[in-house]
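The block underneath contains the structure these notes are about, expressed in C-alpha coordinates.
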Amino acid sequence: MAAYVPASRADLRWGSKTTRLTTMAAWMWFAGMVVAWVGLITFSERWLPFTLLLYGPRWVVLTPLLLLLPMAIISAGRALLPLGVGFVIGVMLIMGFRWTLQTDQPFSLSPVPSSEGNPTGIRVLTLNAQGGEAVSAQLNAMLARYAPSVLAFQECGEGFFQRLSERRGRHVARVYGMCVMSEWPIVAQDTMPRAAFARVAELGLGGAAHVVRFTIAHPHRPFELVTLHLETARKGLSMLLGADGVLNDRTGMPELPRSADLGRVAANAEIRLRESERAAYWSARRASETPIMVMGDFNMPVESSIYRRYWRSLTNAFEARGTGFGYTKHEGTWMRIRIDHVLVSPAWFSVRGAWVGDDVGSDHRPVVVDLDWQS
(Lines give C-alpha, C1' and ligand atoms only; values in the text may rest on other atoms or scores of the structure.)
Protein backbone atom coordinates (compact mmCIF):
# COMPACT_ATOMS: atom_id res chain seq x y z
CA MET A 1 0.00 0.00 0.00
CA ALA A 2 1.31 3.40 -0.96
CA ALA A 3 2.16 5.68 1.90
CA TYR A 4 -0.10 8.66 2.50
CA VAL A 5 1.59 11.92 1.58
CA PRO A 6 -0.10 14.93 3.22
CA ALA A 7 -0.57 18.03 1.17
CA SER A 8 1.83 20.81 1.89
CA ARG A 9 0.66 24.05 3.41
CA ALA A 10 1.53 25.82 0.17
CA ASP A 11 -0.75 23.47 -1.76
CA LEU A 12 -3.56 24.03 0.71
CA ARG A 13 -3.13 27.79 0.56
CA TRP A 14 -3.11 27.70 -3.27
CA GLY A 15 -6.25 25.56 -3.33
CA SER A 16 -8.03 27.78 -0.84
CA LYS A 17 -7.08 30.90 -2.76
CA THR A 18 -8.23 29.41 -6.07
CA THR A 19 -11.53 28.39 -4.48
CA ARG A 20 -12.12 31.86 -3.07
CA LEU A 21 -11.22 33.61 -6.33
CA THR A 22 -13.36 31.28 -8.43
CA THR A 23 -16.34 31.64 -6.11
CA MET A 24 -15.94 35.41 -6.03
CA ALA A 25 -15.66 35.59 -9.82
CA ALA A 26 -18.75 33.40 -10.21
CA TRP A 27 -20.85 35.64 -7.99
CA MET A 28 -19.54 38.75 -9.73
CA TRP A 29 -20.50 37.27 -13.11
CA PHE A 30 -23.91 36.36 -11.75
CA ALA A 31 -24.40 39.94 -10.53
CA GLY A 32 -23.30 41.17 -13.95
CA MET A 33 -25.94 38.98 -15.61
CA VAL A 34 -28.65 40.45 -13.40
CA VAL A 35 -27.48 43.97 -14.20
CA ALA A 36 -27.37 43.14 -17.92
CA TRP A 37 -30.93 41.80 -17.86
CA VAL A 38 -32.37 44.71 -15.87
CA GLY A 39 -30.52 47.19 -18.05
CA LEU A 40 -31.68 45.44 -21.20
CA ILE A 41 -35.38 45.75 -20.41
CA THR A 42 -35.11 49.18 -18.78
CA PHE A 43 -32.41 51.24 -20.50
CA SER A 44 -31.82 49.37 -23.77
CA GLU A 45 -32.97 52.24 -25.98
CA ARG A 46 -31.50 55.02 -23.84
CA TRP A 47 -27.98 53.93 -22.88
CA LEU A 48 -25.55 52.88 -25.57
CA PRO A 49 -23.99 49.81 -23.85
CA PHE A 50 -27.40 48.20 -23.42
CA THR A 51 -28.45 49.25 -26.91
CA LEU A 52 -25.42 47.43 -28.30
CA LEU A 53 -26.30 44.38 -26.21
CA LEU A 54 -29.92 44.52 -27.40
CA TYR A 55 -29.09 44.59 -31.11
CA GLY A 56 -25.78 42.74 -31.01
CA PRO A 57 -24.80 39.09 -30.47
CA ARG A 58 -25.99 38.53 -26.90
CA TRP A 59 -24.27 35.17 -26.54
CA VAL A 60 -21.12 37.09 -25.56
CA VAL A 61 -22.51 37.37 -22.01
CA LEU A 62 -21.98 33.62 -21.62
CA THR A 63 -18.32 33.53 -22.71
CA PRO A 64 -16.94 33.86 -19.11
CA LEU A 65 -18.37 30.39 -18.49
CA LEU A 66 -15.64 28.93 -20.70
CA LEU A 67 -13.18 29.70 -17.90
CA LEU A 68 -15.36 29.83 -14.79
CA LEU A 69 -17.19 26.53 -15.27
CA PRO A 70 -14.07 24.31 -15.47
CA MET A 71 -12.55 26.16 -12.53
CA ALA A 72 -15.70 25.65 -10.47
CA ILE A 73 -15.84 21.95 -11.28
CA ILE A 74 -12.19 21.48 -10.32
CA SER A 75 -11.85 23.61 -7.23
CA ALA A 76 -15.02 25.44 -6.19
CA GLY A 77 -18.22 23.39 -6.19
CA ARG A 78 -20.14 26.14 -4.42
CA ALA A 79 -19.56 28.40 -7.44
CA LEU A 80 -21.77 26.14 -9.55
CA LEU A 81 -24.91 27.68 -8.01
CA PRO A 82 -24.36 31.27 -9.24
CA LEU A 83 -23.02 29.94 -12.53
CA GLY A 84 -26.11 27.79 -13.06
CA VAL A 85 -28.57 30.53 -12.18
CA GLY A 86 -26.58 33.03 -14.25
CA PHE A 87 -26.69 30.65 -17.22
CA VAL A 88 -30.49 30.44 -16.98
CA ILE A 89 -30.71 34.25 -16.82
CA GLY A 90 -28.42 34.53 -19.83
CA VAL A 91 -30.21 32.00 -22.01
CA MET A 92 -33.82 32.68 -21.01
CA LEU A 93 -33.95 36.36 -20.09
CA ILE A 94 -31.11 37.93 -22.03
CA MET A 95 -30.87 35.74 -25.15
CA GLY A 96 -34.63 35.15 -25.24
CA PHE A 97 -34.94 31.36 -25.34
CA ARG A 98 -38.55 30.23 -25.02
CA TRP A 99 -40.03 26.80 -24.41
CA THR A 100 -43.63 25.67 -24.56
CA LEU A 101 -45.13 22.21 -24.75
CA GLN A 102 -46.87 21.93 -28.10
CA THR A 103 -48.81 18.80 -28.93
CA ASP A 104 -49.53 19.80 -32.53
CA GLN A 105 -46.95 19.35 -35.24
CA PRO A 106 -46.15 22.77 -36.70
CA PHE A 107 -46.15 21.72 -40.35
CA SER A 108 -47.27 18.31 -41.56
CA LEU A 109 -45.66 16.71 -44.58
CA SER A 110 -48.99 17.06 -46.38
CA PRO A 111 -50.23 20.36 -44.96
CA VAL A 112 -53.94 20.98 -44.59
CA PRO A 113 -55.36 24.53 -44.70
CA SER A 114 -55.90 25.72 -41.16
CA SER A 115 -59.63 26.26 -41.72
CA GLU A 116 -60.20 22.57 -42.56
CA GLY A 117 -61.28 20.67 -39.49
CA ASN A 118 -61.21 23.92 -37.55
CA PRO A 119 -63.62 26.36 -39.23
CA THR A 120 -62.77 29.22 -36.88
CA GLY A 121 -58.99 28.73 -37.00
CA ILE A 122 -56.63 31.13 -38.71
CA ARG A 123 -53.05 30.46 -39.75
CA VAL A 124 -51.13 33.65 -40.45
CA LEU A 125 -47.67 34.20 -41.90
CA THR A 126 -45.61 37.38 -41.85
CA LEU A 127 -42.35 38.00 -43.70
CA ASN A 128 -40.13 40.90 -44.66
CA ALA A 129 -39.71 39.85 -48.28
CA GLN A 130 -36.75 42.18 -48.96
CA GLY A 131 -38.29 43.25 -52.26
CA GLY A 132 -39.59 39.80 -53.04
CA GLU A 133 -37.40 38.86 -56.00
CA ALA A 134 -35.75 35.88 -54.28
CA VAL A 135 -38.87 35.01 -52.28
CA SER A 136 -40.94 34.90 -55.46
CA ALA A 137 -39.07 31.82 -56.65
CA GLN A 138 -40.02 29.98 -53.46
CA LEU A 139 -43.57 31.28 -53.14
CA ASN A 140 -45.30 28.08 -54.24
CA ALA A 141 -43.19 25.92 -51.95
CA MET A 142 -43.78 28.30 -49.04
CA LEU A 143 -47.55 28.24 -49.55
CA ALA A 144 -47.57 24.45 -49.85
CA ARG A 145 -45.41 23.91 -46.75
CA TYR A 146 -47.07 26.37 -44.37
CA ALA A 147 -50.61 26.55 -45.84
CA PRO A 148 -51.39 29.99 -44.34
CA SER A 149 -54.84 31.54 -44.52
CA VAL A 150 -53.49 35.09 -44.40
CA LEU A 151 -50.04 36.37 -45.37
CA ALA A 152 -48.49 39.78 -44.71
CA PHE A 153 -45.35 40.85 -46.56
CA GLN A 154 -43.25 43.90 -45.80
CA GLU A 155 -40.88 45.36 -48.44
CA CYS A 156 -43.19 43.89 -51.07
CA GLY A 157 -41.99 45.04 -54.49
CA GLU A 158 -44.18 45.60 -57.52
CA GLY A 159 -42.99 42.42 -59.23
CA PHE A 160 -43.63 40.33 -56.16
CA PHE A 161 -47.09 41.88 -55.79
CA GLN A 162 -47.89 40.90 -59.37
CA ARG A 163 -46.80 37.34 -58.58
CA LEU A 164 -49.11 37.28 -55.56
CA SER A 165 -51.98 38.62 -57.67
CA GLU A 166 -51.67 35.65 -60.01
CA ARG A 167 -52.78 33.25 -57.27
CA ARG A 168 -56.34 32.18 -57.95
CA GLY A 169 -58.76 32.04 -55.07
CA ARG A 170 -56.78 34.59 -53.05
CA HIS A 171 -57.51 38.23 -52.30
CA VAL A 172 -54.49 40.54 -52.56
CA ALA A 173 -53.86 44.19 -51.67
CA ARG A 174 -50.77 46.41 -51.56
CA VAL A 175 -50.20 49.79 -49.86
CA TYR A 176 -46.81 51.47 -49.28
CA GLY A 177 -44.97 48.30 -50.21
CA MET A 178 -47.02 46.33 -47.65
CA CYS A 179 -48.82 43.37 -49.21
CA VAL A 180 -51.55 41.18 -47.77
CA MET A 181 -52.90 37.98 -49.31
CA SER A 182 -55.97 36.33 -47.80
CA GLU A 183 -58.29 33.46 -48.55
CA TRP A 184 -61.12 35.73 -47.35
CA PRO A 185 -62.12 39.05 -48.93
CA ILE A 186 -60.22 42.22 -48.02
CA VAL A 187 -63.06 44.70 -47.61
CA ALA A 188 -61.28 47.85 -46.39
CA GLN A 189 -57.85 49.38 -45.92
CA ASP A 190 -56.41 52.37 -44.11
CA THR A 191 -52.97 53.85 -43.40
CA MET A 192 -51.57 55.53 -40.32
CA PRO A 193 -50.84 59.24 -40.88
CA ARG A 194 -47.07 59.63 -41.16
CA ALA A 195 -46.40 63.15 -42.40
CA ALA A 196 -44.50 64.06 -39.23
CA PHE A 197 -42.19 61.05 -39.66
CA ALA A 198 -41.67 61.69 -43.36
CA ARG A 199 -40.23 65.12 -42.50
CA VAL A 200 -37.50 63.64 -40.32
CA ALA A 201 -36.63 60.88 -42.79
CA GLU A 202 -34.36 63.27 -44.69
CA LEU A 203 -32.02 63.41 -41.69
CA GLY A 204 -31.27 59.71 -42.09
CA LEU A 205 -32.27 58.96 -38.50
CA GLY A 206 -35.63 57.31 -39.05
CA GLY A 207 -39.14 58.08 -40.14
CA ALA A 208 -40.34 54.97 -42.00
CA ALA A 209 -43.44 54.31 -39.86
CA HIS A 210 -45.29 52.33 -42.52
CA VAL A 211 -48.39 51.03 -40.77
CA VAL A 212 -51.33 49.75 -42.81
CA ARG A 213 -54.65 48.27 -41.65
CA PHE A 214 -56.69 45.80 -43.70
CA THR A 215 -60.15 44.59 -42.74
CA ILE A 216 -60.66 40.94 -43.63
CA ALA A 217 -64.13 39.38 -43.86
CA HIS A 218 -63.60 36.15 -41.94
CA PRO A 219 -66.79 34.02 -41.89
CA HIS A 220 -66.78 33.90 -38.10
CA ARG A 221 -66.34 37.65 -37.72
CA PRO A 222 -64.44 40.35 -39.64
CA PHE A 223 -61.08 41.24 -38.13
CA GLU A 224 -58.47 43.94 -38.62
CA LEU A 225 -54.99 42.98 -39.69
CA VAL A 226 -52.36 45.66 -39.17
CA THR A 227 -49.08 45.07 -40.95
CA LEU A 228 -46.17 47.38 -40.24
CA HIS A 229 -42.52 48.09 -40.89
CA LEU A 230 -41.01 50.31 -38.22
CA GLU A 231 -37.70 52.12 -38.29
CA THR A 232 -34.41 50.33 -37.68
CA ALA A 233 -31.99 51.09 -34.87
CA ARG A 234 -29.13 50.75 -37.35
CA LYS A 235 -29.53 54.37 -38.34
CA GLY A 236 -28.74 55.38 -34.80
CA LEU A 237 -25.78 53.03 -34.48
CA SER A 238 -23.97 54.55 -37.44
CA MET A 239 -20.75 54.85 -35.45
CA LEU A 240 -20.37 51.08 -35.88
CA LEU A 241 -21.13 51.07 -39.58
CA GLY A 242 -18.92 51.30 -42.61
CA ALA A 243 -15.32 50.36 -43.29
CA ASP A 244 -14.15 51.47 -39.83
CA GLY A 245 -16.97 49.82 -37.91
CA VAL A 246 -18.08 46.41 -36.76
CA LEU A 247 -21.14 45.96 -38.95
CA ASN A 248 -21.56 46.13 -42.71
CA ASP A 249 -23.39 49.30 -43.72
CA ARG A 250 -26.45 48.52 -45.83
CA THR A 251 -28.60 51.45 -44.83
CA GLY A 252 -27.50 53.94 -47.46
CA MET A 253 -27.88 56.76 -44.97
CA PRO A 254 -26.13 60.11 -45.45
CA GLU A 255 -22.82 60.56 -43.69
CA LEU A 256 -22.76 62.77 -40.61
CA PRO A 257 -19.72 64.04 -38.67
CA ARG A 258 -18.42 61.61 -36.06
CA SER A 259 -19.14 64.18 -33.37
CA ALA A 260 -22.83 63.64 -34.10
CA ASP A 261 -22.72 59.89 -33.40
CA LEU A 262 -24.00 59.92 -29.82
CA GLY A 263 -26.64 62.48 -30.74
CA ARG A 264 -27.66 60.24 -33.62
CA VAL A 265 -28.27 57.30 -31.26
CA ALA A 266 -30.52 59.36 -28.99
CA ALA A 267 -32.38 60.99 -31.89
CA ASN A 268 -33.01 57.68 -33.61
CA ALA A 269 -34.25 56.13 -30.35
CA GLU A 270 -36.61 59.06 -29.78
CA ILE A 271 -38.00 58.76 -33.31
CA ARG A 272 -38.55 55.02 -32.91
CA LEU A 273 -40.22 55.58 -29.55
CA ARG A 274 -42.65 58.08 -31.11
CA GLU A 275 -43.28 55.70 -33.98
CA SER A 276 -44.25 52.88 -31.63
CA GLU A 277 -46.30 55.23 -29.46
CA ARG A 278 -48.40 56.33 -32.42
CA ALA A 279 -48.48 52.95 -34.16
CA ALA A 280 -49.57 51.08 -31.02
CA TYR A 281 -52.38 53.53 -30.32
CA TRP A 282 -53.49 53.69 -33.95
CA SER A 283 -53.44 49.90 -34.34
CA ALA A 284 -55.24 48.92 -31.15
CA ARG A 285 -57.50 51.84 -30.33
CA ARG A 286 -60.59 49.77 -31.21
CA ALA A 287 -59.36 46.50 -29.71
CA SER A 288 -62.19 46.34 -27.19
CA GLU A 289 -64.82 46.29 -29.94
CA THR A 290 -63.01 44.85 -32.98
CA PRO A 291 -60.70 41.81 -33.27
CA ILE A 292 -57.19 42.92 -34.25
CA MET A 293 -53.86 41.37 -35.02
CA VAL A 294 -50.63 43.29 -35.62
CA MET A 295 -47.75 41.70 -37.48
CA GLY A 296 -44.63 42.61 -39.36
CA ASP A 297 -41.08 43.86 -39.03
CA PHE A 298 -40.99 45.80 -35.76
CA ASN A 299 -37.20 46.17 -36.01
CA MET A 300 -36.99 45.62 -32.26
CA PRO A 301 -36.92 42.53 -30.04
CA VAL A 302 -39.29 41.98 -27.14
CA GLU A 303 -36.60 42.96 -24.63
CA SER A 304 -36.50 46.50 -26.06
CA SER A 305 -37.66 49.10 -23.57
CA ILE A 306 -39.68 50.70 -26.39
CA TYR A 307 -41.41 47.43 -27.19
CA ARG A 308 -42.16 46.77 -23.53
CA ARG A 309 -43.60 50.23 -23.10
CA TYR A 310 -46.01 50.22 -26.04
CA TRP A 311 -46.71 46.70 -27.29
CA ARG A 312 -47.07 44.49 -24.20
CA SER A 313 -50.85 44.95 -24.02
CA LEU A 314 -51.11 42.57 -26.99
CA THR A 315 -50.17 38.91 -26.86
CA ASN A 316 -46.92 38.11 -28.65
CA ALA A 317 -47.55 34.77 -30.35
CA PHE A 318 -44.00 33.42 -30.12
CA GLU A 319 -43.65 34.54 -26.51
CA ALA A 320 -46.88 32.71 -25.69
CA ARG A 321 -46.47 29.49 -27.70
CA GLY A 322 -43.05 29.45 -29.34
CA THR A 323 -40.04 27.27 -28.63
CA GLY A 324 -36.40 28.19 -29.14
CA PHE A 325 -34.74 31.52 -29.75
CA GLY A 326 -37.00 32.24 -32.72
CA TYR A 327 -34.45 34.32 -34.61
CA THR A 328 -36.17 35.96 -37.57
CA LYS A 329 -33.38 38.22 -38.82
CA HIS A 330 -30.14 36.64 -40.03
CA GLU A 331 -27.25 38.84 -41.04
CA GLY A 332 -23.72 37.62 -41.58
CA THR A 333 -22.23 34.86 -39.46
CA TRP A 334 -22.94 36.12 -35.95
CA MET A 335 -25.99 38.39 -36.10
CA ARG A 336 -29.25 36.69 -35.13
CA ILE A 337 -32.21 38.50 -33.61
CA ARG A 338 -35.98 38.18 -33.30
CA ILE A 339 -37.49 41.42 -34.59
CA ASP A 340 -40.50 40.12 -36.57
CA HIS A 341 -43.60 39.50 -34.49
CA VAL A 342 -47.25 38.53 -34.59
CA LEU A 343 -49.34 40.22 -31.89
CA VAL A 344 -53.02 39.61 -31.22
CA SER A 345 -55.68 41.04 -28.97
CA PRO A 346 -56.07 38.55 -26.08
CA ALA A 347 -59.77 39.38 -25.80
CA TRP A 348 -60.40 37.98 -29.27
CA PHE A 349 -57.70 35.43 -30.13
CA SER A 350 -55.80 32.64 -28.43
CA VAL A 351 -52.49 31.37 -29.79
CA ARG A 352 -52.35 27.65 -30.54
CA GLY A 353 -48.81 27.57 -31.89
CA ALA A 354 -46.04 29.80 -33.22
CA TRP A 355 -42.98 28.90 -35.27
CA VAL A 356 -40.20 30.52 -37.27
CA GLY A 357 -39.92 29.03 -40.73
CA ASP A 358 -37.00 28.21 -42.98
CA ASP A 359 -34.95 30.40 -45.31
CA VAL A 360 -37.12 31.49 -48.25
CA GLY A 361 -34.69 33.86 -49.94
CA SER A 362 -34.89 36.89 -47.64
CA ASP A 363 -32.59 37.87 -44.78
CA HIS A 364 -35.71 37.50 -42.62
CA ARG A 365 -37.47 34.24 -41.80
CA PRO A 366 -41.26 33.81 -41.93
CA VAL A 367 -43.20 33.74 -38.68
CA VAL A 368 -46.12 31.30 -38.79
CA VAL A 369 -48.86 31.38 -36.14
CA ASP A 370 -52.01 29.33 -35.55
CA LEU A 371 -54.84 31.28 -33.92
CA ASP A 372 -58.25 30.39 -32.54
CA TRP A 373 -61.12 32.69 -31.79
CA GLN A 374 -61.82 33.17 -28.12
CA SER A 375 -65.57 33.17 -28.65
Prolate/oblate/rounded label for the stretch 28-84 (Cα gyration tensor, a/c 1.5): prolate
Kindly report, to the nearest 10 Å², the accessible surface of ARG285 as traced by a 1.4 Å probe over protein heavy atoms only. 100 Å²
Please list the non-local residues whose amide H lies under 5 Å from the amide H of GLY353, H modeled 1.01 Å from N, same-chain partners needing a gap of 5 or more. ASP370
Theoretical gain in end-to-end length, ARG78 to ARG221 [0.36 nm per residue, Cα-Cα removed]: 45.7 nm
Quick note, the stretch 257-348: a/c under 1.5 would make it rounded; otherwise a/b > b/c is prolate and the rest oblate (a ≥ b ≥ c, C-alpha gyration tensor); here it is oblate
What list of ³J(HN,Hα) values in whole Hz, one per residue of the stretch 363-374 in order, does the Karplus curve 6.51 cos²θ - 1.76 cosθ + 1.60 (θ = phi - 60°) give from phi, with Gly and Pro shown as x? 7, 10, 10, x, 9, 10, 9, 9, 10, 10, 6, 6
Using modelled amide H (1.01 Å from N, peptide plane; none on Pro or chain starts), what sits under 5 Å from the amide H of GLN189, excluding residues fewer than 5 places away? THR215
For ILE337, other-chain or 5+-apart residues with amide H closer than 5 Å (H placed, Pro excluded) are THR328, LYS329
A correct Karplus calculation of ³J(HN,Hα) over the stretch 64-77, with 6.51 cos²θ - 1.76 cosθ + 1.60, θ = phi - 60°, whole Hz and x for Gly and Pro, returns x, 5, 4, 9, 5, 5, x, 5, 5, 5, 6, 10, 8, x
Residue by residue through the stretch 135-141, what is 3J(HN,Hα) from phi via Karplus (6.51 cos²θ - 1.76 cosθ + 1.60, θ = phi - 60°)? Round to whole Hz and write x for glycine and proline. 5, 4, 5, 10, 4, 4, 5
Heavy-atom accessible area ranking, 1.4 Å probe, most first, across ARG145, ARG170: ARG145, ARG170
Provide the three semi-axes, in whole Å and in decreasing order, of the ellipsoid equivalent to the stretch 150-196 as defined by the square roots of 5 times the Cα gyration tensor eigenvalues. 20, 14, 7
Quick shape check on the stretch 300-375: root eigenvalues a ≥ b ≥ c of the Cα gyration tensor, a/c under 1.5 is rounded, otherwise prolate if a/b tops b/c, else oblate, and it reads oblate
Using 0.36 nm per residue of separation minus the Cα-Cα distance, give me the extension gain between ARG286 and ARG312 in nm, one decimal. 7.7 nm
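The values are calculated or read from the model by the stated rules, or taken from the named source; none is laboratory data. Owing to the predicted nature of the structure, the values given are computational and were not obtained by experimental measurement. With ligands, DNA and RNA removed, areas are computed over all heavy atoms of the protein, side chains included. Shrake-Rupley method; radii C 1.70, N 1.55, O 1.52, S 1.80 Å.
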